[in-house]
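FYI, it's all coordinate maths here, none of it is from the lab. These figures come from a predicted structure and were not determined experimentally. Ideal geometry is used to build each Cβ from the backbone, glycine not excepted, and the neighbour counts take in all protein chains shown.
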Amino acid sequence: MEFNTIASCDGIANSGNYSKYILPSREVITASIECTIKAYGFDGMVMLCSCDKIIPGMLLAAARCNIPTIFLTGGIMEAKIFENGPLKGKTYVTSDIKEAIGEYKVGKLTKEEFFLIESQTCCSPGACNMMGTANTMACIVEAIGLSLPGCATMGAISKEKEDLSRDTGKKIIKLVEDNIKALDIITHSSIENGIKVALSFGGSTNMILHMCALSHELGGNLNHFDFDKLSKSIPLLAKFKPASEYNLTEFHEAGGVQVLMKKLSNLLDLSTKTILNLTLNKALENLEIHDYQIIRNLDDPIEKEGGIAVLKGNLAPEGAVVKQSAISLKMRYHKGPAKVFECEEDVKDALLSDKVQEGDVLVIR
């Protein structure tokens, strides 16, 4: 039986005070799945999910229901390559739309170019082709061992995804037959593996909210300062739009999560179990590596530390999360005048009415 849950898109439903509904939607998703699965007494479940809060909501439900479970994340939206017109030869993904808003504002794009980017960049089904929360969480799901190899980064409308969908259907039957439950795979060690992998590719800071929630679901006490410690021990081996020029399709072509885990394997717990009914060690054993440029080697990282840092100071005594992999080295120390705003909308108004100067520090209370 197929049943649905709510599935809000953060990118759209993220405007004004109403955006505060988005994070609680995760709990609604979790509870709705728990209610249906337990009421009907299902033997197993396949989680079909893409966007920011749906994947973590389903992860929490998987832990809570603890029956044989497999994830089939929706895959990646195609990158838009303009073949003619003023943007000929250029490639755009979702995060480039926000960049384009700023470029249009300062006169680097014409109105026509901006309209083309806005109206054509989201050009297929799938999760936004950038390392935002949706793809960070899909990669974590694969790293934990809850989806088939390659699932996180496959194109949403590819033949490859179609084949993997069939294989996912076969695999859930085997998981039910062998009685391999979600909590055989979701453990504190596999959660830490997933976090390490995400730190090594500069994943979304939102993963802190979701992985802490998953840890607590298992009786753990993971918190944001643990991410700071882990990030200091994990090198940055890859990074993607909006933090670099590479997109997620190129990550997949380079081997995706599996190759990244193989390169990171000396720093992972390889005894964790996967839906293949293999340890992570066995699952990665015969993997061949052909790429070096997109996914760097452990002895030659992009940076020595992972993607996230947690800062402390008088503005944030309980810690402030920063995605350091997306910040250029020259911006990591800055002194300038603070402009303080009460809400995000006030910042937007100030930016669009030229009240912000280069070098200003924007603080939202």
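Details
- Coil-residue trypsin sites (Lys or Arg not before Pro) of the stretch 247-326, DSSP, other Cβ within 10 Å capped at 16: Lys304
- The chain: angle of helix 94-105 to the longest principal axis, Cα-based, in degrees nearest 10: 10 degrees
- GluC sites (Glu not before Pro) restricted to DSSP loop in the stretch 260-365 with at most 10 other C-beta within 10 Å: Glu288, Glu342, Glu358
- Gained length - Glu34 relative to Lys304, 0.36 nm times residue gap less alpha-carbon distance: 93.1 nm
- Given their separation in residues at 0.36 nm each and the Cα-Cα distance between them, Asn286 and Leu183 gain 34.5 nm when the chain is fully extended.
- Here the spin labels are modelled as points 7 Å beyond Cα on the Cα-Cβ line, and at Ala316 and Met1 they lie 4.5 nm apart.
- Trypsin sites (Lys or Arg not before Pro) within the stretch 1-98, DSSP loop, no more than 16 other Cβ atoms inside 10 Å: Lys88, Lys90
- Residue exposure sequence - Met331, Met130 - by fewest surrounding Cβ within 10 Å: Met331, Met130
- Nonlocal amide H pairs with Glu303, under 5 Å, H built at 1.01 Å: Leu236
- Stretching the chain fully between Lys170 and Ala350 yields a gain of 59.4 nm (0.36 nm per residue, less the alpha carbon separation).
- Size of charge dipole - the stretch 80-120 - debye, nearest 20, with Cβ of Lys, Arg +1 and Asp, Glu -1, no other charges: 60 debye
- Length-normalised contact order of the chain in % [C-alpha pairs under 8 Å, at least 6 apart]: 15 percent
- Viscosity 1.002 mPa s, 20 °C: Kirkwood-radius Stokes-Einstein D of the stretch 159-198 over Cα pairs, µm²/s: 179 µm²/s
- Under conditions of 20 °C and 1.002 mPa s, the stretch 80-120 yields 212 µm² s⁻¹ as its translational diffusion coefficient, taking Rh as the Kirkwood radius over Cα pairs in the Stokes-Einstein equation.
- Cα centroid separation - the stretch 164-183 against the stretch 1-44, whole Å: 23 Å
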